Amino acid sequence: MFAGCDAGGDDDQDNGDQLPAPLLIELGAAPDEVPLLWGVDQPYPTRFDSTHRDAQSLDGRWLFTVDPDDQGFDQAWYSPQYDRADWDGLEVPGSWNALRPELFRYRGPAWYARGFTVAPRAGRTRLRFGAAFLRAQVWVNGSYVGSHSGGYTPFEIDVTDVIRHGQNLVVVRVDNRITRETIPCLTLANSEGHGWYPWGGLTRSVVLERVDEPYVAKVDPGASVDPQTSRGSIDARIVLHRMTLGSTDATVRVLVEDLEGRALADSGQVALEPFESGSRALAATAELGEVELWDHNTPQHQYQLRVIVESESGRDETVSRLGFRSFEVRGPDLYLNGRREWWRGMNRHEDWPGVGAAQSDESIVSDVASMLDLGVNHLRPAHYPPDPRFLDACRDAGISLTLEVPVYQLDLWQLNDEALRLEAQQQLAEMIERDRNNPAIVAWSLSNEIWSMAPSAELFMSGMNATAKRFDPRRPTMVVLVGDLLNWFPEEFATSNADIVGVNIYLGWYSGTLGAWGPFLDSLEQRFADRPLVISEFGTGALQGRHLPAFPTQDEPLDDHSYSEEFQAVFLQNALDAVVARPWIDGTMPWSLTDFRYEWVPDTGVHPIPFRNLKGLLSLDRIPKLGYEFVRLQYQALAADELWPLPGDSQENR
């Protein structure tokens, strides 16, 4: 059933001669149309760009101590009566491995505590953690309130029943140990260390939030556009939720606006049936006419969806940023807004000197500026969902994104582990629910370098693909393979359900020779002829400032690499030349933008700096290497179509 709408909008909104389009709200949308992920006793939250909710930051100095003997439970370190006089201070957000040099190698549980004051207020109160690596358990005023597994996605815990007006205490136990039973996991190839650093702690912001009920739990704007006519539409799915028992009258209003707040579509105020506790799904649809498309060169073309819920107990209002753009897989090619797309890509880990994974405004601005200077138009942010502020910065810079869940190098036994399959699907769904509304995200990556030759990979990956399609049927999925495994094994079982295939190639570094690039790429053409293929990783280690007398003209021994800037540059140029000569490939992603910390020690010669991956085009402190300039010149030439035009493309469309 459809409720009525008010096409006029607010009297004080100025749209010139154009009135807002009608936005129809359907009450009681079918549950299978609005898949709902459950979090800690409530729907898993959408990330909103803004709300009108009361939010109290708990960032800053927390009390902190490590627990190497794991005695905190038995000694009730969560109790308000426990004496914490010997606990030190640690900044939140942050990681103990980075902020405390003596704890750089510490793996295990650690405890955080902070007092805070709450003023009297009606409504629900909850704690929101931006991320806690890897597993977290939370107590408020001595009462256990919830836990979360997964180090890169947020979680919320309702604490209404345990919070007090006045002084309160929150205690969090965080354990950063990666095992063979966690996501991410320890691998057989590197059983004593991980491929990136397990930065332990409360690595993103903590907020105490007060919200009236019913509140907006989930928003999927369902923005779509016809790239030929630029006519946009909204097919939104919205979930409202109420935890308090009982019933209340409520109304909802949904608006599509430009960033100045001018309404393109307006539902008017629509009465809901008496709202019982639980969740209520709504659908809101509108035809908008001509809209401006988000693209690499027009990232400022953005809009927003505003949802307002009012009841006798209060008001909730959320704003979700959105963009109108089309991204399609057509056979073996990618298309953005109807134009053939070629990814001048990059990989990037979250790692900044002195702070580790915690991101600052400085680190975000710096790395986005470097990518723009390089000519990057697409980013794979390594193997996990990064800080959403960084994703916003990429959106605003016109850099499209493929986000990846931390399913990394799983082996035969892990792929058969049902608990790991469910954990991986949960983390994938949380990533999608957090970031679904960012128009720069064009694809979801389901895994990196799993044992694709194992038949169990098909079961594992089919479940991952089904999860991605259930929570976001609009975006394609990608699976990233190990190039050497494709060489060594005649069959792979990981990509049968994936829309895009990525292959990581390190010929001339870990195996093979530089001359093997061309033949190996040619072997992939028929193997993946039906889908887009991108070279998702390639690179070599280079210590910034280490030089050879001249650029090398031959391969280096695989077990005795020079770690020179010159060999890195030659390797990158060889790889890019081989790829560009084959226009059926859909893009490249050098590994990686910057050096970063990791745990394992490679066997590619004497490693210059322990626990540091040196494959960055920039050093850890962001100093360019020779390879940076080689990639920049190649990407600039590609952007200008100096090397070859993309089929179906023209210079005027760029």
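The values are calculated or read from the model by the stated rules, or taken from the named source; none is laboratory data. These figures come from a predicted structure and were not determined experimentally. A quick note on method: Cβ atoms are made from the backbone with ideal geometry, for glycine too, and the neighbour counts reach across all protein chains shown. Just so you know, the surface numbers come from the protein's heavy atoms only, side chains and all, with ligands and any DNA or RNA stripped out. Shrake-Rupley method; radii C 1.70, N 1.55, O 1.52, S 1.80 Å.
Of all residues in segment 415-438, those that are assigned to a helix (DSSP H, G or I) have Cβ atoms under 7 Å from Cβ atoms of residues that are open to solvent by 40 Å² or more (accessible area, probe 1.4 Å) and among the basic types (Lys, Arg), 6 or more apart or on another chain, in Arg434/Arg47; Asp435/Arg47. As a summary of the residue check, Ala578 satisfies the conditions (1) open to solvent by less than 20 Å² (accessible area, probe 1.4 Å); (2) assigned to a helix (DSSP H, G or I); (3) under 26 Å from Gly398 (Cα atoms) except for the one numbered (3). Here Gln18 clears all of (1) farther than 30 Å from Thr244 by Cβ; (2) open to solvent by 70 Å² or more (accessible area, probe 1.4 Å); (3) at pLDDT 95 or above except the condition numbered (3). Among the residues of segment 90-112, none qualifies, meaning not one is acidic (Asp, Glu), open to solvent by less than 10 Å² (accessible area, probe 1.4 Å) and not in a strand (DSSP E or B). Could you tell me whether Ala85 is modelled with pLDDT of 95 or more, on the phi > 0 side of the Ramachandran plot and hydrophobic (A, V, I, L, M, F, W, C)? No, not satisfied. Checked against (1) at pLDDT 95 or above; (2) surrounded by fewer than 21 Cβ atoms within 10 Å (Cβ to Cβ), Gly201 passes all but condition (2). Taken over segment 235-278, the criterion of being crowded, with 19+ Cβ neighbours inside 10 Å, among the small types (Gly, Ala, Ser) and assigned to a strand (DSSP E or B) is satisfied by Ala236, Ala250, Ala263, Ala265.
So, in segment 439-453, of the ones that are part of a loop (DSSP other than H, G, I, E, B), open to solvent by less than 10 Å² (accessible area, probe 1.4 Å) and out of contact with any Ser or Thr (no Cβ under 8 Å at 6 or more places or on another chain), which residue ends up nearest to Ala466 (Cα to Cα)? My answer is Ile450.
Residues that are under 23 Å from Gly94 (Cβ atoms) and either in contact with a Ser or Thr (Cβ under 7 Å, 6 or more places away or on another chain) or assigned to a helix (DSSP H, G or I) (or both): does segment 372-380 have at least one? Checked segment 372-380: no residue is under 23 Å from Gly94 (Cβ atoms) and either in contact with a Ser or Thr (Cβ under 7 Å, 6 or more places away or on another chain) or assigned to a helix (DSSP H, G or I) (or both).
In the set Thr285, Thr298, only one residue is of a type outside the set (Asp, Glu) and part of a strand (DSSP E or B); that residue is Thr285.
From the list Ile163, Ile183, the one residue that fits, being open to solvent by 10 Å² or more (accessible area, probe 1.4 Å), modelled with pLDDT of 95 or more and in a loop (DSSP other than H, G, I, E, B), is Ile163.
For segment 283-292, check the following and say yes or no: at least one residue is over 25 Å from the mean Cα position of the chain (by Cα), polar (S, T, N, Q) and open to solvent by 10 Å² or more (accessible area, probe 1.4 Å). Checked against the condition, which is being over 25 Å from the mean Cα position of the chain (by Cα), polar (S, T, N, Q) and open to solvent by 10 Å² or more (accessible area, probe 1.4 Å), segment 283-292 yields at least one hit. Among the residues of segment 468-486, the one identified as open to solvent by 20 Å² or more (accessible area, probe 1.4 Å) and either in contact with a Leu (Cβ under 7 Å, 6 or more places away or on another chain) or assigned to a strand (DSSP E or B) (or both) is Val482.
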